[in-house]
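Working notes, beginning with the structure itself.
The values are calculated or read from the model by the stated rules, or taken from the named source; none is laboratory data. This is a predicted model, so every value here is computed, not measured. Positions of Cβ are generated from backbone atoms using ideal geometry, with glycine treated the same way; all protein chains shown enter the neighbour counts. Each accessible area value is taken on the protein alone, full model and side chains, heavy atoms only, with ligands, DNA and RNA left out. Shrake-Rupley method; radii C 1.70, N 1.55, O 1.52, S 1.80 Å.
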Amino acid sequence: TYRFVDVRAEDLQAIMDAGKHLTRSPQASLLQLMKSMYTWAINHDVCTTNYADRVILQYTDETVREHKPFTDEEIRQLIEADAAFPLLMIFTGMRIGEVLELTPDRIHDGYIVGGLKTAAGRDRFIPVAGPIRKYIRAEGQRYYFDTAGGRAWSSANYIAQRWKPLMESLGMDHHPHDARHTCATLMERAEIPL
């Protein structure tokens, strides 16, 4: 038995690892519960660190969809449609959460300081490629892509309200993480070591 304040990321990860036979949905629900507990605990001065942010889902799901990179033609379509969000993901390799949490102070002349998930990827310098240069600005709202209320989007809400309608309007079938795979594909094609 642990006191909540004594629980660490590895304890939470052990719980998630024990449920690796589960599909994504129950694991995601468990992770959301962990995050909610930490939000409450931090707000009530029980602890100061949200260790749930470090937990990685370990599900085994036979129905997991393979990620497929955007084709060159689809990238051209996105450029013609002035689709800033997917283009920013494609040409930076950032994850959806990294883009949604992006604040103007992390945007500099010619590069972005970004990354959240891993120690190696956190606060990395990401060059701004030509196709997205016009979308990069370091002033304005609190979050680069924010809600009407000035808050950061959750990934789920952004996908439902912005990403899926955009993909449908362009006749494309892509998940946000496909953009990260597209970045890796473009880098490999350009012989840039991953």
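Hey, any idea what % of the chain's accessible area is carbon plus sulfur with a 1.4 Å probe?
Of the solvent-accessible surface of the chain, carbon and sulfur hold 53 percent.
So if R0 is 35 Å, what FRET efficiency would residue 148 and residue 77 give, r being the distance between their Cβ atoms, rounded to the nearest 0.05?
For R0 = 35 Å, the calculated efficiency reads 0.85.
Taking the Cα centre of the chain as origin, sum charge times position over the Cβ atoms of Lys and Arg (+1) and Asp and Glu (-1), and report the length of that vector in debye to the nearest 20.
Charge dipole, the chain, about its Cα centre: 320 debye, nearest 20.
Once you mark the GluC sites (Glu not before Pro) that are in a DSSP loop and have at most 14 other Cβ atoms within 10 Å, what is the longest gap between them in the chain?
67-138
Would you kindly calculate the translational diffusion coefficient of the chain, applying Stokes-Einstein with the Kirkwood radius from alpha carbon pairs, for 25 °C and a viscosity of 0.890 mPa s, and quote it in µm² s⁻¹ without decimals?
The Stokes-Einstein estimate is 132 µm²/s.
How fast does segment 3-46 diffuse by Stokes-Einstein, in µm²/s, taking the Kirkwood radius from C-alpha pairs at 25 °C and 0.890 mPa s?
Value of D from the Cα-based Kirkwood radius: 218 µm²/s.
What's the lysine pair count for the chain at a Cα cut-off below 25 Å, pairs eight or more apart or interchain?
The number of close lysine pairs in the chain is 8.
Could you quote the convex hull projected area for segment 1-97, Cα atoms only and averaged over all directions, in nm²?
8.7 nm²
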